Structure formats: C-alpha cells, structure tokens
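The structure under discussion appears below in the form of structure tokens.
The values are calculated or read from the model by the stated rules, or taken from the named source; none is laboratory data. From a predicted model like this one, the values you see are computed outputs, not experimental measurements. Cβ placement follows ideal geometry from the backbone for every residue including glycine, while neighbour counts extend to all protein chains displayed. For the accessible areas, the whole protein counts, side chains as well, though only heavy atoms, and no ligand, DNA or RNA atoms are used. Shrake-Rupley method; radii C 1.70, N 1.55, O 1.52, S 1.80 Å.
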Amino acid sequence: EIKDYAVRNRKSIIAKSEFFDSIFKESSLGKTKLDLMAYTIHSYIHNTWWTKSIKDSKDWFSVWEGSCFMHSTLDVEYNCSFFLLMFCPELLEKILDQHVHYKKDGFMSHDIGAFLQANQSYYPHEMEIEENCNFILLNYALWKFTGKFRHIRKHYSVIRELLQFNMD
C-alpha cells in the first residue's frame, strides 16, 4: 500500500517535501540551528506511528513519548502541538479523537497505551486536572489554527464534562 501510494502521489509528495524544506532553508536561522532542527524533526518522526486501527480500519496516529514509549501522552502532545498545528493539523485531530475513547469518569487519561499496545492507559497515576486542561486547550488551538469548528462540536459533550470535573 505504501509503495502504491508513493507511486500514485509522487509529484505531490515531492512538492510538499520541497515546500517543507524551503521553510527552513529560507529562514534566517544559522546552520547550527538548522542542523539541530533537522535532527529534532527526524527524532520526532521515528517515534510516530501512522497505521490503521484494528477495529474499524480508520487511520490511527500516535507519537511515542521519549524513552517511556507511551502513546500520545496529552501533556507532551500539548507541548509539541505547534509542529502538528502548523504542518499537519489533521494528525492532531486524530490524536484528540482517539483520546476520547480512553476517557475515564470525568477526566482524560494521560496516554492511550505503551510499547506495542494501545488498549488502555499505561501511566501509573492520574493527572486529572492537567490532562483535562491539555485536552480542552488542544481542541481550542486546533479550532483557532484551522477554523474548523466541527471538531469542537464533535467533542462538545466531552469538553463540558472535563470542564465540570475541573470546576468541581
């Protein structure tokens, strides 16, 4: 499937890659900073998973958190979100959509699994207030960056529940 996709979309992939590279090459940053950014982007990419869900064949996207290998930890996604918001907001949308399925009673889970599994939260203790805030703010940022209010509408009941939990 990957080979067929690459062949079918070759011109588009090359154009997008050249555009992405130009953002950095044409910046006023020095070589040292550009080299560090290139290293950082490669480090980020090799910790990503983009595959199909076993349940419904929808795209499934996750980012491993550093050496912990936890999938899509909300606190780290919050800190890294500007990269996705600027270059690939649909991936942040996938992460947020997935997190809804791991919500507990009034609060969001820290992560959606670890290592080669994503069937339950792995982190040993809850971070209820922080993760609720991260989820709410990431949804807000996604809306403000993309102008797509449908995402807020889709998660409205969850956002209300998280806000109520935090206020209580």
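In this structure, does TYR44 turn out to be under 27 Å from ASN166 (Cα atoms) and open to solvent by 40 Å² or more (accessible area, probe 1.4 Å)?
Judged against the criteria, TYR44 is not a match.
Please count how many residues of segment 113-140 are within 16 Å of HIS99 (Cα to Cα) and open to solvent by 20 Å² or more (accessible area, probe 1.4 Å).
16
Look through TYR5, TYR102 and report the one residue that is open to solvent by 90 Å² or more (accessible area, probe 1.4 Å), modelled with pLDDT of 90 or more and closer than 28 Å to LYS154 by Cβ.
Criteria check complete, one pass: TYR5.
If I ask for residues that are surrounded by 13 or more Cβ atoms within 10 Å (Cβ to Cβ), of a type outside the set (A, V, I, L, M, F, W, C) and closer than 14 Å to PRO89 by Cα, which ones from segment 141-168 would you list?
Answer for segment 141-168, where residues must be surrounded by 13 or more Cβ atoms within 10 Å (Cβ to Cβ), of a type outside the set (A, V, I, L, M, F, W, C) and closer than 14 Å to PRO89 by Cα: THR146, LYS148, HIS151.
Run down MET127, MET86 and say which single residue is touching a residue at least 24 places away in the same chain (Cβ under 8 Å), of a type outside the set (Ser, Thr, Tyr), on the phi < 0 side of the Ramachandran plot and touching a His at 6+ places or on another chain (Cβ under 6 Å).
MET127
Just one of THR48, THR32 is polar (S, T, N, Q) and under 15 Å from the mean Cα position of the chain (by Cα); which is it?
Working: THR32 fails: under 15 Å from the mean Cα position of the chain (by Cα).
Exactly one residue qualifies, and that residue is THR48.
If I ask for residues that are modelled with pLDDT of 90 or more, assigned to a helix (DSSP H, G or I) and not charged (D, E, K, R), which ones from segment 21-38 would you list?
Within segment 21-38, SER22, THR32, LEU34, LEU36 meet the criteria.
I'd like to check something: does segment 70-80 contain any residue that is in a strand (DSSP E or B), in contact (Cβ under 8 Å) with a residue 24 or more places away in the chain, surrounded by 17 or more Cβ atoms within 10 Å (Cβ to Cβ) and of a type outside the set (Gly, Ala, Ser)?
Within segment 70-80, one or more residues are in a strand (DSSP E or B), in contact (Cβ under 8 Å) with a residue 24 or more places away in the chain, surrounded by 17 or more Cβ atoms within 10 Å (Cβ to Cβ) and of a type outside the set (Gly, Ala, Ser).
Suppose we keep only residues that are part of a loop (DSSP other than H, G, I, E, B) and not polar (S, T, N, Q) within segment 47-69. Which one would you say is surrounded by the most Cβ atoms within 10 Å (Cβ to Cβ)?
Across segment 47-69, the extreme among qualifying residues is PHE69.
Can you pull out every residue in segment 8-18 that is open to solvent by 100 Å² or more (accessible area, probe 1.4 Å) and not basic (Lys, Arg)?
The one that is open to solvent by 100 Å² or more (accessible area, probe 1.4 Å) and not basic (Lys, Arg): GLU18.
Could you run through segment 98-124 and say how many residues are without any contact (Cβ under 8 Å) to a residue 12 or more places away in the chain and among the charged types (D, E, K, R)?
1
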